[in-house]
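Trainee: Below you'll find the structure I mean.
Where a number appears in this text, it was derived from the coordinates with a stated rule and is not lab data. Here the structure is a predicted model, which means the values were calculated and not measured. Cβ placement follows ideal geometry from the backbone for every residue including glycine, while neighbour counts extend to all protein chains displayed.
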Ligand SMILES: CC1=C(/C=C/C(C)=C/C=C/C(C)=C/C=O)C(C)(C)CCC1
């Protein structure tokens, strides 16, 4: 089955590779995990709810193609909690000899005003900071694993974010706006992928590459909080109506899969993609000086100034 909106045509196998996909119990993440599994990878289904993860594992096992399968490991990870991210990273680093693919896919949208347990605004804390910590903790192993790729699932809506005010990322100065909070967190994904690519380049590290992307408008659980902050019943309507205007999760996963496996982009790093091709980002996300400031803001927020993500041992 092809998707009119772009299809990852690569037939590359991932036998012996290790891939981690956050939020892969459902939606785009589940389809991404299923693709890697059918290419032979050992895939970590990293999600909050182990039961939902196990149900996804059962579903994915039914998709086995003739070319064979890898392995699925369901694992507890809540990216809204830095503690949970640390625990998850510790377990993975102890168990895996290499980490070849990390897809930062989990996300929330249109949540009511709130803070994560670490005191960050819900969207920036979950969609960006949790994934940023996961990325830097896994980086030394990825750096020692030969060619490896880090993929950030962003959104076209990153373009609706105003110029980010690093003094007000948690809406302490300005009034809370759920839509803007989401758009900011998606700009954060694009900026962080770019900043990380620049930091790696600066140190001559060429075997780890980064990607950010817009999956398309996709009918998934991303609408689960629409009823809380848009209008009553919005989540239900989004669920029912999305097949009429949105991509299926399988088509929505194609750009994530392209960035993670395709030979065509293996030498690219820090760019933004849509429909399996490089696309243009907003002005602030093309600004390398601002990306560097955003990198520093992220490291400070995570309180890991003393940690060196660019070491190779682990
Ligand atoms: C159908 C529908 C809606 C439309 C939702 C859309 C179009 C969501 C798009 C989400 C995107 C693009 C996310 C990207 O990151 C509303 C307004 C919630 C109201 C209830 C019914």
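Trainee: Among 97, 9, 30, 141, which comes first, second and so on when ranked by fewest other beta-carbon atoms within 10 Å? Don't skip to the end; give the middle numbers.
Mentor: Working: 97 9, 9 12, 30 29, 141 22.
The order, fewest Cβ neighbours first, is 97, 9, 141, 30.
Trainee: Can you give the three extents of the C-alpha atoms in the range 28-184 along their principal axes, from longest to shortest, in whole Å?
Mentor: So the three principal-axis extents are 54, 31, 28 Å.
Trainee: Ordered by packing density, taken as the mean number of other Cβ atoms within 10 Å over each peptide's residues, highest first, how do 221-228, 42-49, 260-267, 99-106 rank?
Mentor: 99-106, 42-49, 221-228, 260-267
Trainee: Name the shape class, rounded, prolate or oblate, that the alpha-carbon gyration tensor gives for the range 20-62, where a ≥ b ≥ c are the square roots of its eigenvalues, rounded holds for a/c under 1.5, and otherwise prolate holds if a/b is larger than b/c and oblate otherwise.
Mentor: Values: a/c = 1.70, a/b = 1.40, b/c = 1.22.
Since a/c reaches 1.5 and a/b is larger than b/c, the shape of the range 20-62 is classed as prolate.
Trainee: Now for a different question. What percentages, rounded to whole numbers, describe P(r) for the chain computed over all alpha carbon pairs with 20 Å bin width beginning at zero?
Mentor: So the P(r) values, bin by bin, are 35, 61, 4.
Trainee: Moving on. In deg cm²/dmol, rounded to 500, what helix-only [θ] at 222 nm does the chain give when every DSSP H run of at least 4 residues adds -39500 (n - 2.57) and the total is split over its residues?
Mentor: Numbers: 10 runs with 120 residues, N = 314.
Computed mean residue ellipticity for the chain: -12000 deg cm²/dmol.
Trainee: What's the center-to-center distance, using Cα atoms, between the range 108-181 and the range 42-73 in Å?
Mentor: Between the Cα centres of the range 108-181 and the range 42-73 lies a distance of 26 Å.
Trainee: What does the highest-first list of 235-247, 10-22 look like by mean Cβ count within 10 Å? Don't jump to the answer; show the numbers that get you there.
Mentor: Details: 235-247: 14.5, 10-22: 20.6.
Descending mean neighbour count gives 10-22, 235-247.
Trainee: Relative contact order of the chain: what whole-number percent is it, with Cα pairs under 8 angstrom and at least 6 residues apart?
Mentor: Relative contact order, the chain: 21 percent.
Trainee: Kindly give the semi-axes, whole Å and largest first, of the ellipsoid equivalent to the range 104-173, taking each as the square root of 5 times a Cα gyration tensor eigenvalue.
Mentor: That gives 26, 14, 12 Å for the three semi-axes.
Trainee: Here's a follow-up. If you find the alpha carbon centre of the range 203-244 and of the range 270-307, how far apart are they in angstrom?
Mentor: Distance between centres, Cα-based: 20 Å.
Trainee: For 3, 285, 276, what's the fewest-to-most ordering of other Cβ within 10 Å of each Cβ? Walk me through the numbers before you get to the answer.
Mentor: Numbers: 3 17, 285 26, 276 22.
Result, fewest neighbours first: 3, 276, 285.
Trainee: Given a cut-off of under 8 Å on Cα pairs at least six residues apart, what relative contact order in percent is computed for the range 134-228?
Mentor: Working: 87 pairs, mean separation 41.5, N = 95.
Taking the mean separation of contacting Cα pairs over the length of the range 134-228, I get 44 percent.
Trainee: Just the ratio, please: alpha-carbon radius of gyration of the range 157-253 over 2.2 N^0.38 Å, N its number of residues.
Mentor: Working: Rg = 16.8 Å, N = 97, 2.2 N^0.38 = 12.5 Å.
Normalised by 2.2 N^0.38 Å, the Cα Rg of the range 157-253 equals 1.35.
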